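Here the structure is laid out as structure tokens; the discussion comes afterwards.
The values are calculated or read from the model by the stated rules, or taken from the named source; none is laboratory data. Note that the coordinates shown come from a computational prediction; the quantities given were computed from them, not determined experimentally. For neighbour counting, all protein chains shown are included, and Cβ atoms are generated from backbone atoms with ideal geometry for every residue, glycine included. Only protein heavy atoms, including side chains, enter the accessible area calculation; ligands, DNA and RNA are left aside. Shrake-Rupley method; radii C 1.70, N 1.55, O 1.52, S 1.80 Å.
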Amino acid sequence: MDTSDPSRPGAEAAPAEPPAGTPVQPPVEASAEVSAEVSAEAPAKTPAPRRRPRGLTTLIVACAALVGVVGGTATGYAIQAERKPTPLPALSQADLAYPAKALPESKRPAPLPAEHDTAVKANGDLRKLLVGKPKGFREASGYFVNGVSPQDGWLSPGGRSLEYTEPGEVLVDSVRNGIRRVAAANWQRGEYEYVAVRLVQFRPGAVAEAQADAASSRWDAANRTRSGHEEGREVKAGSGAGFFVYEPDAKPGYLTVYGARAVGYRGDVVFDLHFSDTKPLSEKAIKDLALKQLERL
């Protein structure tokens, strides 16, 4: 008889005993074969390593570079701020000196003669600086197809612009550069030989404009020069003036036209000589006339 009562306080539950005569079964243990099969069917999984977030190394390097630049700049400013300022050199020069009084009239140098003063020569009648008419030539009524004839030795800036393929552009550039006046002469010998002379003067002191106009004319002439002579020939060594012999203009049914051009400048005056004939031109005659025009300026 079991005297233990589970309902009583403090009583502990005892495990139930098997009834008498019942065989006790030992605990079932997994055999080695079953364990091997289970191991073969389900291999143990190794945990994957954690990957570093993409871009973290670049961010670290960029932050380090930024810190270095900021720190270096701050250090440089700090060092520079502690240095003493470098004194600037004096604006005045002790070696400059001026005479106490002007030279007397007897010791003053003579003024430049008018024939040697380019400005004085150009400020007079510009037509007088035109080169003389070559031997055998006469006054011609016109030379350029699209141009106009000079009137009393003068040619307006607009009339000069008509002698170019783009007159509007030439006129605008001339006015912008300060063109002042144009002296002109047209000569003719025989039936087809022509010479035209243009002296283009710009406003006083505008040497740069005259030089630019002469350079533009030389460039235009070089584009028409016969092969192998694009650089032109010098009128005089060191003068900056040159002459160009064009490629012959030969068209079926027309006379072959030979052309040449000489360009240079002195001061604020540009000289521009044009030659044309139905026969080959003499380079010596072109150079001689251009040299005479250069010397008159």
ask   = Taking residue 287 as the anchor, which lysines have their alpha carbon closer than 24 Å to its alpha carbon, excluding any fewer than eight residues away along the same chain?
value = 121, 128, 133, 135, 236, 279
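In Å², what does the accessible area per residue of segment 121-220 work out to with a 1.4 Å probe?
Heavy-atom accessible area per residue stands at 53 Å².
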request  = Quickly work out the residue 257-to-residue 61 label distance, labels modelled 7 Å from Cα along the C-beta direction, and quote it in nm with one decimal.
outcome  = 7.0
inquiry  = I'd like to compare 97-105, 268-276: which one has the highest average count of other Cβ atoms within 10 Å, and what's the full order after that?
reply    = 268-276, 97-105
Accessible surface of segment 110-192 [probe 1.4 Å, protein heavy atoms]: carbon and sulfur percent = 54
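Using r as the Cβ-Cβ distance of residue 112 and residue 152, and R0 as 35 Å, what FRET efficiency do you calculate, to the nearest 0.05?
0.70
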request  = Order the peptides 60-68, 145-153 from the highest to the lowest mean number of other Cβ atoms within 10 Å of their residues.
outcome  = 145-153, 60-68
Under-5 Å amide H pairs with residue 185, H placed in peptide plane, nonlocal only = 197
inquiry  = Please give me, ordered by residue number, the GluC sites (Glu not before Pro) of segment 178-269 that lie in loop per DSSP and have at most 15 other Cβ atoms within 10 Å.
reply    = 191, 230, 231
ask   = What order, most packed first, do the peptides 135-144, 280-289, 246-255, 75-84 have when packing is the mean number of other Cβ atoms within 10 Å of each residue?
value = 280-289, 135-144, 246-255, 75-84
Relative contact order computed over segment 157-297 (Cα-Cα under 8 Å; 6+ residues apart), in percent = 22
inquiry  = Give me the net charge for the shell around residue 198: Cβ to Cβ below 13 angstrom, other residues only, Lys and Arg +1, Asp and Glu -1.
reply    = +1
